[in-house]
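The values are calculated or read from the model by the stated rules, or taken from the named source; none is laboratory data. Note that the structure is predicted; figures quoted are calculated from it, not measured. We place every Cβ from the backbone using ideal geometry, glycine too, and count neighbours over all the protein chains shown.
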Amino acid sequence: MTVYALEPANNDLVVYLLIVWASALLVVSRLYRLCSYALFLTAGLLKYYPLVLLLLLARERQQHAILAATIVGLILISFCGNCHFELGKAPANVPSASYFTDAFSAENPPFGFGAALGDGRVRP
């Protein structure tokens with residue numbers, strides 16, 4: 001699986017390093033903690049799943065959390081506004097694979113079980 005990280009045009013390694021760097025900044029002073037949220041946001045703009053890490057804003061003082069959440073929200077709204085056409089095409093890029101491969105998703109257990117029983121159901 002290490003080969004996937006080295007594949008050309010795969011930004012997973014960059015996202016991973018941004019998250020590690022931002023996580024290291026979370027344990028130092030408040031200014032660095034607030035900078036770590038910018039790194040989480042940057043990673044989240046590259047891939048969607050790191051945006052969950054912005055929930056760590058709830059640990060900050062209310063005044064700082066509201067200010068940072070407002071800035072993050074405005075950046076995300078502007079990103080979605082500027083890239084709405086590409087974001088609409090993104091789900092079509094997700095490959096359709098068999099339920100019985102090493103690719104795992106939330107569809108695998110129910111639809112894989114149905115396919116194993118042979119009830120003829122397919123993906124909606």
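Key figures
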{"quantity": "Selection status of Y16, within 16 Å of the chain's Cα centre (by Cα) and among the aromatic types (F, W, Y)", "calculated": "yes"}
{"quantity": "Which listed residue is surrounded by 15 or more Cβ atoms within 10 Å (Cβ to Cβ), aliphatic (A, V, I, L, M), at pLDDT 85 or above and part of a helix (DSSP H, G or I), from A69, A24", "calculated": "A69"}
{"quantity": "Those residues of region 18-56 which are in contact with a Gly (Cβ under 6 Å, 6 or more places away or on another chain) and under 19 Å from L67 (Cβ atoms), in sequence order", "calculated": "L51"}
{"quantity": "Yes/no for A92 being surrounded by fewer than 10 Cβ atoms within 10 Å (Cβ to Cβ), part of a helix (DSSP H, G or I) and of a type in the set (G, A, S)", "calculated": "yes"}
